[in-house]
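S.K.: Got a structure for you, questions after.
The values are calculated or read from the model by the stated rules, or taken from the named source; none is laboratory data. Being a predicted model, the structure only gives us computed values, none of them experimental. Every residue, glycine among them, receives a Cβ derived from its backbone with ideal geometry; neighbour counts consider all protein chains shown.
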Amino acid sequence: MEREKALELLRKYNKERLIIFFLCCGMGLLSSCGQQKEGQQKEMNVLLIVGGHGFDEGPFYAMMDKLPGITYEVAEHPDAYQYLKPGKIEGYDAVLLYDMPSEIPEDAKKDFVAMLEKGTGLVVLHHAFCSYDFWPEYTNIVGGRYHHFPWQKDGEEQPPSTYKHDLVLNVKVMDSKHPVTKRISDFQIVDEAYGGTEILESVHPLLATDEPASAPLVGWTNHYANAKVVTLTLGHDKQAWENPVFSQLLSQAISWVGDSVNGK
């Protein structure tokens, strides 16, 4: 009889604990109740493609390692194109380009476009804007082009694009409500600037500068097929990478484009 009483008390005690547990979950008092907190950044798995242009790897990867909510895998050319193939690319929420090849194989072009049609987000960083001189569709994907050769605009020949290192850029935020630039005010950054570039009128401006050696826009969004695209022409070396505003921009750009995967 005493044993039965003890078991009954134990069952009652456990039942009360269970009720309290669910009440706490409903009130949001227990973080272990599972759901992602409001405002918490979704974990992003990023494919980082490099190659075709050298950079100071130590400081760059140190910056990447500190980006909140982001894990990444590095793929280097020429093997990087294998990661874009169906069955492989689905493992990533976003692709970050920090490469600068001048040419791309035909099958890689198809895989690249197919990736965007599936909705995989794309961030184009600094010298990646200067890639693929002989692939016109890349202009439509990234929202513009750095021209290594003379080019035509409105029937008139334009000189090649230019670059200049170690400039103090005053950067103005053009859209403070956009997810990529939220909580970011106008800022200064020491960086390389690209001038005389082509930027499509269809892009959505995010960042601008009044530096004469630079194109007016240094950051924008674009949409291609079912994918979100962000192009940031900033980010040449550790002077930029160690700027907290730059790393915040990159983190928010990755998070925004990554939400386009599978229609999210």
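S.K.: Go through segment 56-84 and give me each residue that's at pLDDT 95 or above, closer than 25 Å to Ile104 by Cβ and not aromatic (Phe, Trp, Tyr).
M.R.: The answer is Glu57, Met64, Glu73, Val74, Ala75, Glu76, His77, Asp79, Ala80, Gln82, Leu84.
S.K.: Do you know which of the residues in segment 184-209 that are assigned to a loop (DSSP other than H, G, I, E, B) and either touching a residue at least 40 places away in the same chain (Cβ under 8 Å) or in contact with a helix residue (DSSP H, G or I) (Cβ under 8 Å, 6 or more places away or on another chain) (or both) is farthest from Leu167 (Cα to Cα)?
M.R.: Restricting to residues being assigned to a loop (DSSP other than H, G, I, E, B) and either touching a residue at least 40 places away in the same chain (Cβ under 8 Å) or in contact with a helix residue (DSSP H, G or I) (Cβ under 8 Å, 6 or more places away or on another chain) (or both), the top hit is Ser202.
S.K.: So, in segment 66-101, exactly how many residues are over 25 Å from Asp56 (Cβ atoms) and touching a Gly at 6+ places or on another chain (Cβ under 6 Å)?
M.R.: Final tally of qualifying residues: 1.
S.K.: So, of the residues in segment 170-182 that are of a type in the set (D, E, K, R) and outside any strand (DSSP E or B), which turns out to be surrounded by the fewest Cβ atoms within 10 Å (Cβ to Cβ)?
M.R.: Filtering segment 170-182 for residues that are of a type in the set (D, E, K, R) and outside any strand (DSSP E or B), the one surrounded by the fewest Cβ atoms within 10 Å (Cβ to Cβ) comes out as Lys177.
S.K.: What pairs come up if the first residue lies in segment 218-234 and is touching a residue at least 12 places away in the same chain (Cβ under 8 Å) and crowded, with 24+ Cβ neighbours inside 10 Å, the second is of a type in the set (Asp, Glu) and part of a strand (DSSP E or B), and their beta carbons are under 7 Å apart, counting only those six or more places apart or on different chains?
M.R.: Leu234/Asp191
S.K.: When segment 216-251 is examined, which residues are found to be within 27 Å of Glu57 (Cβ to Cβ), assigned to a loop (DSSP other than H, G, I, E, B) and of a type in the set (Gly, Ala, Ser)?
M.R.: Within segment 216-251, just Gly235 meets the criteria.
S.K.: Then there is this: How many residues, within segment 55-84, are hydrophobic (A, V, I, L, M, F, W, C) and either over 14 Å from the mean Cα position of the chain (by Cα) or under 21 Å from Pro101 (Cα atoms) (or both)?
M.R.: 7
S.K.: Looking at Leu167, is it under 24 Å from Met63 (Cβ atoms), more than 17 Å from the chain's Cα centre (by Cα) and crowded, with 16+ Cβ neighbours inside 10 Å?
M.R.: yes
S.K.: Within segment 238-246, is there a residue that is touching a Gly at 6+ places or on another chain (Cβ under 7 Å), crowded, with 20+ Cβ neighbours inside 10 Å and not aromatic (Phe, Trp, Tyr)?
M.R.: no
S.K.: Considering only residues that are within 16 Å of Val257 (Cβ to Cβ) and of a type in the set (Ser, Thr, Tyr), look in segment 88-113 and name the one that is surrounded by the most Cβ atoms within 10 Å (Cβ to Cβ).
M.R.: So, considering only residues that are within 16 Å of Val257 (Cβ to Cβ) and of a type in the set (Ser, Thr, Tyr), the one surrounded by the most Cβ atoms within 10 Å (Cβ to Cβ) is Tyr92.
S.K.: If you go through segment 213-264 one residue at a time, how many are out of contact with any strand residue (DSSP E or B) (no Cβ under 8 Å at 6 or more places or on another chain) and within 22 Å of Ile189 (Cα to Cα)?
M.R.: Qualifying residue count for the region: 7.
S.K.: When the residues of segment 71-95 are narrowed to those that are touching a helix residue (DSSP H, G or I) at 6+ places or on another chain (Cβ under 6 Å) and among the hydrophobic types (A, V, I, L, M, F, W, C), which ends up farthest from His127 (Cα to Cα)?
M.R.: Ile89
S.K.: In contact with a Gly (Cβ under 7 Å, 6 or more places away or on another chain) and closer than 19 Å to Asp99 by Cα, is that true of Leu207?
M.R.: Here the answer is no, as Leu207 does not meet what is asked.
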